[in-house]
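The values are calculated or read from the model by the stated rules, or taken from the named source; none is laboratory data. What you see is a predicted model; the values in this text were computed from it and never measured. Positions of Cβ are generated from backbone atoms using ideal geometry, with glycine treated the same way; all protein chains shown enter the neighbour counts. Surface areas here come from the heavy atoms of the whole protein model, side chains and all, with no ligands, DNA or RNA. Shrake-Rupley method; radii C 1.70, N 1.55, O 1.52, S 1.80 Å.
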Amino acid sequence: LCTLRWYASSFLVILGAAALGLGEQAQDKVKVDDTPGSITLTNANLSATFSKKSGELTSLKALGKGELLGNGGRGYYDMTAGGKWYLGGAAFKIVRADDDLAEIAFIKELKGFTLELHYVLRKRENGVHFFAIHRYAKGVSGPAPGESRYVLRVDPKKFTYAYTSEKK
């Protein structure tokens with residue numbers, strides 16, 4: 001079994017949250033609200049809701065500041081590897097849920113290749129962390145990711161400026 005982990009930084013919400021005036025708040029517990037169609041992770045600073053059907057981030061609220069994904073926004077993972085890979089139809093599980101941290105995963109397997117996308121929310125933080133794991137069964141070498149990315153489409157009325165740097 002071969003496992004590749006693709007670690008990514010926290011959502012840009014950590015940077016955006018500072019611009020919205022959020023700081024560390026009370027040490028509230030991390031909460032998990034598991035419904036038939038969605039899962040919501042909440043701490044003292046934000047809540048993030050994910051669709052169990054698509055694996056997409058459907059709501060991201062900075063508590064006290066409102067919805068950050070308004071006007072059609074969403075967050076999703078995709079990968080190019082001989083075609084597009086999305087998480088629609090993936091299995092869902094709660095990996096860990098305690099007072100300090102919640103971790104959920106969307107898992108999709110096809111022909112010996114397994115893609116896992118994990119989301120982690122910790123107490124007192126202003127963003128959601130994520131990472132992907134690619135696993136190959138013995139004797140399976142593909143698909144080989146050409147590009148693997150997380151797309152966060154935020155509300156353009158709240159986020160009017162963007163910055164990127166290849167040096168960081």
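At a 1.4 Å probe radius, carbon and sulfur cover how many percent of the accessible area of region 56-160? Provide the component values of the computation, followed by the final result.
On the way: 2420 of 4970 Å².
Its accessible area is 49 percent carbon and sulfur atoms.
Using a Förster distance of 22 angstrom, determine the FRET efficiency expected from the C-beta separation of Arg96 and Lys138, and round it to 0.05.
Numbers: r = 28 Å, r/R0 = 1.28.
It comes out at approximately 0.20.
Please report the relative contact order for region 27-148, taking Cα pairs under 8 Å with a sequence separation of at least 6, and give it as a percent rounded to a whole number. Let's see the in-between values first.
On the way: 271 pairs, mean separation 26.9, N = 122.
The normalised contact order for region 27-148 reaches 22 percent.
Any chance you could run the full-extension gain for Thr160 through Glu67? It's 0.36 nm times the residue separation minus the Cα-Cα distance, nm to one decimal.
Value of the extension gain: 32.0 nm.
Please work out how much length the chain gains when fully extended from Lys31 to Arg122, using 0.36 nm per residue of separation minus the C-alpha to C-alpha distance, in nm with one decimal. Show your work: numbers first, answer last.
Working: separation 91, 0.36 × 91 = 32.76 nm, distance 0.99 nm.
Full-extension gain reported as 31.8 nm.
In square angstrom, what is the accessible area per residue of region 117-168 with a 1.4 angstrom probe?
Values: 3420 Å² over 52 residues.
Accessible surface, normalised per residue, equals 66 Å².
Of Lys31/Lys93; Lys29/Lys158; Lys61/Lys108; Lys65/Lys158; Lys52/Lys108, which pairs sit farther than 19 Å apart, going by alpha carbon to alpha carbon?
Numbers: Lys31/Lys93 15 Å; Lys29/Lys158 27 Å; Lys61/Lys108 27 Å; Lys65/Lys158 10 Å; Lys52/Lys108 12 Å.
Beyond 19 Å between Cα atoms: Lys29/Lys158; Lys61/Lys108.
In a shell of Cβ-Cβ distance under 12 Å around Ser54, excluding Ser54 itself, what net charge do Lys and Arg (+1) and Asp and Glu (-1) give?
+2
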